[in-house]
Amino acid sequence: MSPEFLEEAVSFPTQKLGVDISIKNVMSVRIPKMEFKVEENENASMFPYGYAETSAGLDKAIKGLNEVMNRLLELAELEKTTQLMADEIESTRRRVNALEYRTIPDLEETIKYIRAKLEENERATISRLMKVKDIISEQ
């Protein structure tokens, strides 16, 4: 069977196939939920060609494709979900690293600076109070 004849045999499908895609939210990641749908029609057949001019191998290939289509769609859904989750994990890891190595050390340094200023102010206040006490005791 020539490629041109094969293309002509399957170029006008009698069944309408489609994919319903909805979005599901898992751990704040929007992942696709795909569902294969076949529009049922009384006159529609899985085989869009006459049996006389095609081989049994083509029938077997189309039947096999029909059986595998749902699993292929599940595989595509899982692959996309895995990719999106991996991207989100990578993004979260970057945020954690930024917090761990940048933000937290900066905050600790700021806390240390504020404590030093407060201790300095406390010492200055104590020395002022001692001077005031000395002035009062001299009078």
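Numbers below:
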item	result
Conditions (1) at pLDDT below 90; (2) closer than 30 Å to PRO3 by Cα; number of the one not met by LEU73	(1)
Residue in the range 96-104 that is under 21 Å from VAL26 (Cβ atoms), modelled with pLDDT of 95 or more and within 35 Å of the chain's Cα centre (by Cα) present	yes
The range 14-59 - residue that is modelled with pLDDT of 70 or more and part of a loop (DSSP other than H, G, I, E, B) and, of those, surrounded by the most Cβ atoms within 10 Å (Cβ to Cβ)	GLN15
Residue within the range 102-114 that is of a type in the set (Lys, Arg), more than 30 Å from SER22 (Cβ to Cβ) and assigned to a helix (DSSP H, G or I) present	yes
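The values are calculated or read from the model by the stated rules, or taken from the named source; none is laboratory data. The shown structure was predicted, so the numbers you read here are calculated from the model rather than taken from an experiment. Neighbour counts are summed over all protein chains in view; Cβ atoms, including those assigned to glycine, are modelled from backbone coordinates with ideal geometry.
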